[in-house]
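> My questions all concern the structure below.
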Amino acid sequence: ELSMKDIPFIVQAPIPIQYKDIKLECGYRLDFLVDDCLILELKSVEKLLKIHEAQILTYLKLTHISTGLLINFNASRFWSMELNVTNDNSVFSVVSVSMKNSCIPHSIWHSPKK
């Protein structure tokens, strides 16, 4: 879908991390980095847990990107979305999508440039 809309993205985008004098070129990998302004993390779990939220928050902090979507495709609900704003103004959304109908509204794919 992103390719068809000519929206630039990177799959499994590496995030380098550095600790003191040690640099790891790929400490973490984002599921998708969309247009250098949106982190998209996809899950297929029974229920999203705090550890999943911590994961996307870590990615937001390390990349200095302020917007992220955490999407669970194994939800029992048809559609729900929760918006989360952190102390440093990072925003991430937790989205649950039923496998019966995994159509996500187009409006959440649009993220303004910084």
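Derivation of every value follows stated rules applied to the coordinates shown; laboratory data play no part. Nothing here was measured: the structure is a model prediction, and the numbers come from that model. Cβ atoms come from the backbone with ideal geometry, glycine included; neighbour counts cover every protein chain shown.
> Using 11 Å as the cut-off for backbone N distance, which residues of segment 12-35 belong to the label zone defined by a point 7 Å from the Cα of residue 42 along Cα→Cβ?
Correct set: 12, 31-32.
> Moving on. Can you give the FRET efficiency to the nearest 0.05 for residue 61 and residue 6, using r as the Cβ-Cβ distance and R₀ = 35 Å?
Details: r = 29 Å, r/R0 = 0.84.
In this case the efficiency is close to 0.75.
> Would you please give the residues with an amide H less than 5 Å from that of residue 35, counting only those at least 5 places away or on a separate chain, with H modeled from the backbone geometry?
Long-range HN contacts for residue 35: 9, 10.
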